[in-house]
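So the structure is just underneath, and the comments pick up after that.
The values are calculated or read from the model by the stated rules, or taken from the named source; none is laboratory data. What you see is a predicted model, and the numbers here were worked out from it, not measured in a lab. With ideal geometry, Cβ positions are generated from the backbone for all residues, glycine too; neighbour counts draw on all protein chains shown.
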Amino acid sequence: MPVSWVLAVKYSAKFGNPETTIMSRIGKLPIPVLDKASVTIDGHTIRVEGPKGKLEKTFDRSTNIELSDGVIKVTPADSSRHAKAMFGTVRSIINNMVIGVVEGFKKEIVLKGVGFRAVLTGNVLDLALGYSHPCLLTIPEGITVKIAENTKLTIEGADKHMVGEITATIFNYYPAEPYKGKGVHIVGKYVRRKEGKKSA
């Protein structure tokens with residue numbers, strides 16, 4: 001018996017037939033629609049509305065999205081590898097949309113450094129991070145930024161992806177360095193510290 005056949009038999013015995021088995025455990029989980037959320041599904045487009053805002057996203061045809069009895073279910077449209085890979089991702093995105101419009105998402109940032117500060121003018125965030133020029137960032141609609149003590153920022157919004165993207169953009173302006181800890185710190189993110197060179 002060829003080696004490939006032996007491997008296929010062992011794989012099927014352990015994991016099931018790869019042509020029929022749905023691999024994602026996350027994708028199988030139903031998504032409960034929260035009390036304050038309103039969900040509308042139109043083909044592959046899903047719209048979610050809640051007290052924190054409105055979100056809309058269109059997915060490709062590799063998955064099927066159904067709403068029944070206050071529960072959203074995502075299934076692969078076929079047995080292709082792409083469909084099996086995507087339906088867990090689609091389920092996670094929709095779940096975050098439902099949570100986001102009801103509870104919202106939040107990230108906190110702390111600026112550490114002499115002269116470091118943040119000022120919000122309209123929807124433009126002005127960051128002074130020790131460069132010869134200010135770092136200007138336009139805050140998109142649906143995202144709110146609050147500043148406390150000129151160095152503590154709170155980014156909030158219904159869209160988890162957008163909140164994370166704005167946070168990452170600010171962090172990349174001046175990532176916290178490991179020696180003195182100077183730079184942009186994301187609260188909850190570990191920064192490995194290093195010992196500086198010692199003089200003889």
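Across the range 66-106, what is the number of residues that are touching a helix residue (DSSP H, G or I) at 6+ places or on another chain (Cβ under 7 Å), under 18 Å from Gly142 (Cβ atoms) and in a helix (DSSP H, G or I)?
Qualifying residue count for the region: 2.
Could you tell me which of the residues Leu67, Leu120, Leu129 is surrounded by fewer than 17 Cβ atoms within 10 Å (Cβ to Cβ), among the hydrophobic types (A, V, I, L, M, F, W, C), at pLDDT below 95 and closer than 18 Å to Thr169 by Cβ?
Leu120
Of all residues in the range 72-101 being β-branched (Val, Ile, Thr), surrounded by fewer than 19 Cβ atoms within 10 Å (Cβ to Cβ) and within 21 Å of the chain's Cα centre (by Cα), which is nearest to Lys152 (Cα to Cα)?
Among residues in the range 72-101 that are β-branched (Val, Ile, Thr), surrounded by fewer than 19 Cβ atoms within 10 Å (Cβ to Cβ) and within 21 Å of the chain's Cα centre (by Cα), the one nearest to Lys152 (Cα to Cα) is Ile93.
Is it the case that Glu156 is under 27 Å from Gly100 (Cα atoms) and among the charged types (D, E, K, R)? It would help to see each step written out before you state the result.
Working: under 27 Å from Gly100 (Cα atoms): yes; among the charged types (D, E, K, R): yes.
It is true that Glu156 is under 27 Å from Gly100 (Cα atoms) and among the charged types (D, E, K, R).
Being outside the structural domain of Asp42 (by TED's automatic domain parsing) and β-branched (Val, Ile, Thr) narrows it down to one residue among Ile72, Ile93, Ile147; which is it?
From the options Ile72, Ile93, Ile147, the qualifying one is Ile147.
Tell me, which residue of the range 10-53 that is touching a helix residue (DSSP H, G or I) at 6+ places or on another chain (Cβ under 8 Å) and of a type in the set (S, T, N, Q) is modelled with the lowest pLDDT?
Thr21
Taking into account only those residues within the range 102-117 that are within 12 Å of the chain's Cα centre (by Cα) and of a type in the set (Lys, Arg), which is surrounded by the most Cβ atoms within 10 Å (Cβ to Cβ)?
Looking at the filtered set, the residue picked out is Lys107.
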